[in-house]
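Written out below as C-alpha cells is the structure these notes cover.
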Amino acid sequence: MATLQAHNLLLSSSSSSSSVIASKKHGLRFKAGISKPLNIKNKALPSLSKVGIRETMSSSISNNISIINKLETTPAITIDDKEVDMLVVSKLYAIAEVVADRAEMHEIIGEQRNNWNTLLLNSINSINLIASIMAGLSTISMGDQSQHFLAFKLSSALLFTAATGMMLIVNKIQPSQLAEEQRNATRLFKQLERSIHTSLDQLQSSTFTPTEMDVEEAMEKVLALDKAYPLPLLPGMLEKFPKNIEPTVWWPKLQTRRRSSSSAQDGKMRGLLKVLKEKDEEQYVWHGNLFVKINKCLAISGPLLAGIGAVGAGLIGTPALGQWPVLFGVMGGVLATMINTLEHGFQIGMLIEMFRNCAGFYRKLEEEITEFNSEESCQEDIEMFEMNMALQLGRRVSELEDFASCASPSVKGAEFEGFAGKLF
C-alpha cells in the first residue's frame, strides 16, 4: 500500500490532474479522488526540466525509498496541516461502496416485487373469471349429463381451488407493500452514500477530519437500514398485519445528553416537537391502523369467496340443491375478482407502508429536535439546524416562529392549525 502511495505521489509532480490513491488491504478496495495534490510536508520531488532523465530516475528512486520508509512507520499523512488517518478514510470508502451495492440490490428486488404484484393480480383475476364462465357454461349441457358438463364442472372447480391458494399466498406476502419497502430502502441507502462522500470531499478543508467514531456511526446506519428493510422474503419479512402500526425506524438511536437547565431550550423547537408528535405522526399512525384493518378484511374475504366458488362448482348438478351451486360458483368468482382488484389493484399494502414511513420520517425529526435541544449550540449551529428543519418540513425558516405558542404545557399540539409538515 505504501509503495503505491509513493508511486502516485511521484506521478502527481508531473501532472496537474487529481491524485488517485488505490490500495488493497484485507480484501477491501479503496479509491479516493482529491481535487488537488496532497500536501506532503518536507518532501521535495526532483524537476525533470533541470536534470537529465538518468540522474532524475536515480534521484527519484532514492527519494522514494525514504518516503516509503516514512509511510510504513506513519499511518497518517498531512493534508493542509491536518493529520489524516488513511486507514479510517479507506474504511469510509469501503462502507460507501457497500452502501452503493445495497442500494442497487434493493432497486432490483423492488422492480421484481412490483412485477409480482402486477402479474399475480392479472393471473388471479383471469383464473377467477374463467372459472366463473365455466361454471355458467356447465349448466348448458347439464340436462343430458354429457362429457362436456363434467369437463366444465371439474375445470371450474380446479381453477377456483388454484385461485384460492394463490390468493392466500399473495395476501400473506403483500407484493405491493414489499415493493414500497424496497423503494424506500433504495432512496435511503443512496442518501447515506451521498452523505459519506460529502464528508470525504471535505478532507482538504478544516471542517472534517475522519475518526473511528465516523466509521462506527456509518456502520450503525447501515445495520439500522438492513433491519428496517430486510432483503430476504422468508424468513425475515416484516409483519404485514400487525395489531398496531409502529413508525418505521431506519436510523440508530441517538444518545441524548440532557442540559442542566431546560429553560435554555428554544421555544419554537419545543412547540414544533409537540405538534410533530401529537398531530403529524399521530395522523399517519391512525391512517395506517385503519388501512391494516381494511386490508385484513379484504385478505380474508377474497380467498373465502373463491373457496365458495370452488365448492359451488363442485356441487353443480346435484338435484337436491337445484340452481344454488351455479349461483355460488359464478357469484363467488366474480366477487373474489372484485375483492382481489380492490386489494392489490389499489395497492392497499403499499399505502400501509407509505403511512409507516411517513410516521417514521416525523419520528426521526422528533429525535433530532430532542437531541439538538439537549446540547449547547452556538448561533451558527442554531441557524443551520432551523434551516435544515424548515426544508424537511417544506416551510420557510420564519414560519417556525408559529410553533412557539405551542411550547406552553397548557397548549396541546393537536390544537395547532394545520400540520407541521407540508410535504407529506
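No lab work stands behind these numbers, since they all come straight from the coordinates. As the structure is a computational prediction, the values presented were derived from the model and not from experiment. Positions of Cβ are generated from backbone atoms using ideal geometry, with glycine treated the same way; all protein chains shown enter the neighbour counts.
Descriptive notes on the structure:
- Segments 304-316, 378-390 sorted - mean Cβ within 10 Å per residue, highest first: 304-316, 378-390
- Seen from residue 406, the other residues with C-beta closer than 10 Å to its C-beta sum to a net charge of +2, counting Lys and Arg as +1 and Asp and Glu as -1.
- Per-residue HN-Hα couplings for the range 333-348 [Karplus 6.51, -1.76, 1.60; θ = phi - 60°; Hz; x = Gly/Pro]: x, 5, 5, 4, 5, 5, 5, 5, 5, 5, 6, 9, x, 8, 6, 4
- Packing-based exposure ordering (other Cβ within 10 Å, fewest first) of 126, 199, 138: 126, 199, 138
- As a proxy for reagent exposure, ranking 272, 192 by other Cβ atoms within 10 Å from fewest up yields 192, 272.
- The phi-based Karplus calculation (6.51 cos²θ - 1.76 cosθ + 1.60; θ = phi - 60°) puts the 3J(HN,Hα) values of the range 318-332 at 6, x, 5, 9, x, 8, 4, x, 5, 4, 5, x, 5, 5, x Hz, whole numbers, x for Gly and Pro.
- Backbone HN-Hα couplings from phi across the range 293-303 [Karplus 6.51/-1.76/1.60, Hz, Gly and Pro as x]: 5, 4, 5, 5, 4, 5, 5, 7, 5, x, x
- Net lengthening on full extension, residue 378/residue 122 (0.36 nm per residue, minus Cα-Cα): 86.3 nm
- Rel. contact order, % - alpha carbon contacts under 8 angstrom, at least six apart, the range 161-251: 29 percent
- Fewest-first sequence of 328, 419 by Cβ atoms within 10 Å of each Cβ: 419, 328
- Cross-link pairs beyond the 22 Å C-alpha cut-off, checked among 253/277; 243/274; 274/364: 243/274
- Annotation for the range 351-424: trypsin sites (Lys or Arg not before Pro) lying in DSSP loop with at most 16 further Cβ atoms inside 10 Å of their Cβ are 396, 412, 422.
- Peptide ranges 221-232, 332-343 listed from the most packed, as the mean C-beta count within 10 angstrom indicates: 332-343, 221-232
- Ranked by how many other beta carbons lie within 10 Å on average, peptides 182-189, 211-218 from highest: 182-189, 211-218
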